[in-house]
Amino acid sequence: MIYLQLFLSFFQIGLFSFGGGMAAMPLIQNQVVDIRGWLTLAEFTDLIAISEITPGPIAINSATFVGTQIAGLPGALASTFGYILPSCVIVSSLAWLYGKYRELTALKGVLACLRPTAVALIFSAGLSVLVLSLWGTGGFTWDAASIDFLAAALFAAGLFLLRKFKMNPVLVILVCGVISGICQWAAKVDWL
Amino acid sequence: MEKNLKNYFRLFKSTFFLSAFTFGGGYVIIPLMKKKFVDELEWLEEEEMLNIVAMAQSSPGAVAVNAAILVGWRLMGLSGASVAIAGTVLPPLVTLSVISLFYAVFRHNAAVSAIFKGMTAGICAVIFDVVISMGGKILKTKKPLPILIMAGAFVVYYVLRVNVIHIILFCGALGALVSLRDKKTGKERI
């Protein structure tokens, strides 16, 4: 049953995404693209773009988007509920434990090891999105001519602006979109 | 806090507006929550809010949702937590449902495609920016174990394609074991 599948997939995403925001992204990719095949990598990338430029947590946005695409509003509700259920249970038990013990050595250790793991997973997801952006759905090749130069330029400029000037990420994404839109329009116009 | 309709509505309104107007997820919403619940409404003490933030960040899932659950629970128990969750989840649920409908209709339009292509490049920049910031912090600790975990997890996931959940479970268990051992020996390996 599709609602149960949505619920279970997002339940796992909710249960295993430690480290907030971006940490959910590789798990969503894993469930939604690799395991279930609900979205293609390109659609998943669109979803990340939409999530970043709209308010709200990336995973809730994804749960709604995927749920709606696959099974309409009931699908969106099933996946969102699946995603927040582990949070409800774990956060309440943690609050209880925290009140009792305060010093949770093992939990601190778990989190200290999950942080570098999250970085590695986000980096992996980032690489697959970058390959898609620069080489298209065909995947990575050594042939420099197959690189989308506009995408490469936007990526490099965006990264520079984020690192050097701490520019707002939402703005960077929107500006990249607008520039690409203008280039496409300019290429179509008959200038002479 | 007294459980009356007015307070439920105020809690719902606060979480709803926080969620509806906060771009960029957990780390942005936390200071805004503090401003709302500690400074403006004076429903929580600063110290309590710090504990809530620590717990919200230590739990899996979205930090904003976790924090909303804890704030709601602390103020009005189970019903408070439910109201806070509804307030937090409703704005993205509505926004994305609407966008999702338009997406299906307009995605294959040439101009929309071009805009998404550009945004994808922008997203890559944002992801790599996050990775550089987070990864840099880990490298700066100069502790071999976290750095090894970072490199190892990457190889195991990206190259060997091991199931991501297995990797997370393994690294979490490793963290628990190492930290308990360190507590006995007095070392600080992580």
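The values are calculated or read from the model by the stated rules, or taken from the named source; none is laboratory data. Keep in mind that this is a model prediction, so the values were computed, not measured. Backbone-built Cβ (ideal geometry, glycine too); neighbour counts: all protein chains shown.
General remarks:
- Put simply, of A:A78, A:A23, A:A63, A:A49 the only residue that is in contact (Cβ under 8 Å) with a residue 24 or more places away in the chain and closer than 23 Å to A:G177 by Cβ is A:A49.
- Residue match in region A:93-109 (condition: farther than 28 Å from A:S180 by Cα, modelled with pLDDT of 85 or more, in the same structural domain as A:T64 (by TED's automatic domain parsing) and surrounded by fewer than 24 Cβ atoms within 10 Å (Cβ to Cβ)): yes
- Some residue of region B:38-47 being assigned to a helix (DSSP H, G or I), surrounded by 22 or more Cβ atoms within 10 Å (Cβ to Cβ) and in the same structural domain as B:T95 (by TED's automatic domain parsing): no
- Lone qualifier among B:A114, B:A64, B:A125 - being facing chain A (nearest Cβ under 7 Å), closer than 30 Å to A:F165 by Cα, surrounded by 16 or more Cβ atoms within 10 Å (Cβ to Cβ) and in contact with a Phe, Trp or Tyr (Cβ under 6 Å, 6 or more places away or on another chain): B:A125
- Test: residue in region B:93-102 that is of a type in the set (F, W, Y), within 7 Å of chain A (Cβ to nearest Cβ) and closer than 30 Å to A:A151 by Cβ: no
- Members of region B:168-187 found to be in contact with a Lys or Arg (Cβ under 9 Å, 6 or more places away or on another chain) and either more than 7 Å from chain A (Cβ to nearest Cβ) or over 13 Å from B:L145 (Cα atoms) (or both), listed by number: B:R181, B:D182, B:K187
- One residue from A:Q12, A:Q5 being surrounded by fewer than 24 Cβ atoms within 10 Å (Cβ to Cβ), within 9 Å of chain B (Cβ to nearest Cβ) and modelled with pLDDT of 95 or more: A:Q12
- All of B:L78, B:L90 fail the test of being touching a residue at least 60 places away in the same chain (Cβ under 8 Å) and outside any loop (DSSP other than H, G, I, E, B), apart from B:L90.
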